[in-house]
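Asks: Here you go, one structure.
The values are calculated or read from the model by the stated rules, or taken from the named source; none is laboratory data. Only a predicted model underlies this, so the values are computations on that prediction, with no experimental measurement involved. Glycine gets a Cβ as well: all are built from the backbone with ideal geometry, and neighbour counts include every protein chain shown.
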Amino acid sequence: MSEELLTLIAEVTMVASLGGGGVLMLLMVTLFFCKTMEVERRIATPGKHLDGIRSIWGNGPIGRWMRVSHVYAFFVYRKLPRIGARIESRMGDEEEPLPRSLKLWVIVPYTACLMFTFLFFFSGWYLGALD
């Protein structure tokens, strides 16, 4: 591949990842947020971290994003070996098993948004924008 073609691919990737990540972020704090609230309601036991996050951040756009981030972190951190159970016990409890489809409403869009963010910065690094 020529240098010009790689540069063009990096530019297109950078623009597409910025757009895709922005759209996903907007969807997560608007349309998908009702599913996130359902998950949060089931795992945020009184007195735990997720319950406090709900009252601290509220329901504005930044607060919604923070709440989505914390619910996502709950599902990711609890899978860590050795320390995952302690983190889970501090953040909240999944007393009744959540349906997989409900978990995926939080996990898939947030992971895709993280991937778009990585692609954006990787493309920027390749193009020399981070120098």
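Asks: Within the range 77-114, take every residue that is in contact (Cβ under 8 Å) with a residue 24 or more places away in the chain and of a type in the set (A, V, I, L, M) and give me the one that is farthest from Trp65 (Cα to Cα).
Replies: Only one residue tops the list, namely Leu98.
Asks: Something else now. For the structure I just gave you, tell me whether Glu40 is among the charged types (D, E, K, R), surrounded by fewer than 16 Cβ atoms within 10 Å (Cβ to Cβ) and at pLDDT below 95.
Replies: Spelling it out, it is not the case that Glu40 is among the charged types (D, E, K, R), surrounded by fewer than 16 Cβ atoms within 10 Å (Cβ to Cβ) and at pLDDT below 95.
Asks: Tally time: how many residues in the range 89-131 are more than 23 Å from Pro46 (Cβ to Cβ) and acidic (Asp, Glu)?
Replies: Number satisfying all stated conditions: 1.
Asks: Taking into account only those residues within the range 78-125 that are among the basic types (Lys, Arg) and surrounded by 14 or more Cβ atoms within 10 Å (Cβ to Cβ), which is nearest to the chain's Cα centre (by Cα)? Step through it out loud before you land on a result.
Replies: Of the range 78-125, the ones among the basic types (Lys, Arg) are 78-79, 82, 86, 90, 100, 103.
From what is left, the residues that are surrounded by 14 or more Cβ atoms within 10 Å (Cβ to Cβ) are 78, 103.
Numbers: Arg78: 15, Lys103: 12 Å.
Per the criteria, the residue is Lys103.
Asks: Taking Val68, is it buried (at least 16 other Cβ atoms within 10 Å of the Cβ), closer than 30 Å to Arg86 by Cβ and in contact with a Pro (Cβ under 8 Å, 6 or more places away or on another chain)?
Replies: No, not satisfied.
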